[in-house]
1. Can you pull out the residues in the stretch 51-108 that are under 14 Å from the mean Cα position of the chain (by Cα) and exposed (fewer than 11 other Cβ atoms within 10 Å of the Cβ)?
2. Please name all residue pairs, on different chains or six or more residues apart, with Cβ atoms under 8 Å, provided the first residue is in the stretch 86-114 and is free of Cβ contacts under 8 Å to residues at least 40 places away in the same chain and under 15 Å from V34 (Cα atoms) and the second residue is assigned to a strand (DSSP E or B) and of a type in the set (A, V, I, L, M, F, W, C).
3. Collect the residues in the stretch 51-79 that are farther than 19 Å from A40 by Cβ, in contact with a strand residue (DSSP E or B) (Cβ under 9 Å, 6 or more places away or on another chain) and in contact (Cβ under 8 Å) with a residue 12 or more places away in the chain, keeping them in residue-number order.
Amino acid sequence: MKRILVTLFLSAFLATSASAQFVGPSSSKHLSTVEQARTARRGQDVTLEGYVVKHLRGTYYIFRDATGEMRTEINRHLWRNRKVTSKTPIRLIGKVDRDVRELYVRAVRLEIPE
């Protein structure tokens, strides 16, 4: 019985860690512009490249790219003590969400491309 449990645990652990290591293109449909994100449905994945141009309140900011502006939610831990100005290009990875007023992007990752 112990051997079966150990085998199941190890196989689950190895399968999970192997799939978590892949970094590359995905077959999912990622939106890439603010214009596309404005017409998306809630829960749609987005990868936006542009600039954070204004802090609204709390964790909400205005993000701008070549196609327009959109409100975004960027939690404090995503900044990781990096200094970002309105002239610093960033890559914002997240999901489209909706509140009572409008659609916005809820960031899950923030990158500074090199």
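1. R76, H77
2. Hits for this filter: R106/V96; A107/L92; A107/I93.
3. Residues satisfying the conditions are Y51, V52, V53, K54, L56, T59, N75, L78, W79.
No lab work stands behind these numbers, since they all come straight from the coordinates. Keep in mind that what you see is a predicted model, and the values were worked out from it rather than measured. Neighbour counts run over all protein chains shown; Cβ positions are idealised from the backbone, glycine included.
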